[in-house]
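Structure first, then comments.
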Amino acid sequence: MSGLLSSQSALRLDANGYRDLAKRVDALTETETDIIALMATFACEVHHSDDRFDWTGFYRVVAPELLKIGPYQGGHGCLVIPFSRGVCGAAARTGQIQRVSDVDAFPGHIACASSTRSELVLPVRNRSGKLIAVFDIDSDQPNAFDESDGDAIQALVDSTFAR
């Protein structure tokens with residue numbers, strides 16, 4: 001089970017697993033230029049790589065200070081999120097990774113799904129450094145993400161969308 005930590009046969013990425021995921025995403029997307037196709041493929045690969053990932057997807061910048069859903073994997077999400085609200089809005093507003101161990105303790109959290117317990121949201125920039133989206137991973141487990149998850153997924157986001 002290379003690249004994975006086994007805990008009662010749960011799929012959980014470790015450093016090797018993140019490297020393997022990066023290789024798969026790169027191989028699948030290396031010649032793709034359509035942003036929606038890139039996002040759809042990226043969300044699918046990440047979502048199915050780790051059992052902690054209950055909802056995985058993008059909120060795209062569609063207007064000043066406004067995010068709109070898609071592409072994503074998992075149940076329904078919020079359709080529109082202003083930069084002023086929630087964990088996704090905070091990532092868009094600050095341009096920094098948001099790692100929330102307990103969403104109920106996050107001021108202004110938007111409960112798009114009642115099953116979400118923790119969240120990891122990363123800014124997505126294009127080659128010129130412009131914010132084009134945020135990448136959101138929700139987990140139905142509390143405290144599901146650590147700093148290494150944020151660093152590994154941010155590196156993957158950057159290598160895919162800022163190239």
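Considering only residues that are within 17 Å of LEU120 (Cβ to Cβ) and touching a strand residue (DSSP E or B) at 6+ places or on another chain (Cβ under 7 Å), which ones fall in region 76-93? The answer is GLY77, CYS78, ILE81, VAL87, CYS88, GLY89, ALA90, ALA91, ALA92. Evaluation of ARG52 against the conditions (1) modelled with pLDDT of 95 or more; (2) surrounded by fewer than 16 Cβ atoms within 10 Å (Cβ to Cβ); (3) in a loop (DSSP other than H, G, I, E, B); (4) of a type outside the set (A, V, I, L, M, F, W, C) shows that the sole unmet condition is (2).
Residues in region 18-39 that are surrounded by fewer than 18 Cβ atoms within 10 Å (Cβ to Cβ) and in a helix (DSSP H, G or I): ARG19, ASP20, ALA22, LYS23, ARG24, ASP26, ALA27, LEU28, ILE35, ILE36, ALA37. Name every residue in region 127-163 that is within 21 Å of VAL80 (Cα to Cα) and not aliphatic (A, V, I, L, M), in order of residue number. Across region 127-163, the qualifying residues are LYS130, PHE135, ASP136, ASP138, SER139. Within region 56-86, the set of residues being at pLDDT 95 or above and of a type in the set (A, V, I, L, M, F, W, C) comprises PHE58, VAL61, VAL62, ALA63, LEU66, LEU67, ILE69, LEU79, VAL80, ILE81, PHE83.
The values are calculated or read from the model by the stated rules, or taken from the named source; none is laboratory data. This one's a predicted model, so the numbers in the text were calculated from it and none came from an experiment. As a convention, Cβ positions derive from the backbone with ideal geometry for all residues, glycine included, and neighbour counts pool all protein chains shown.
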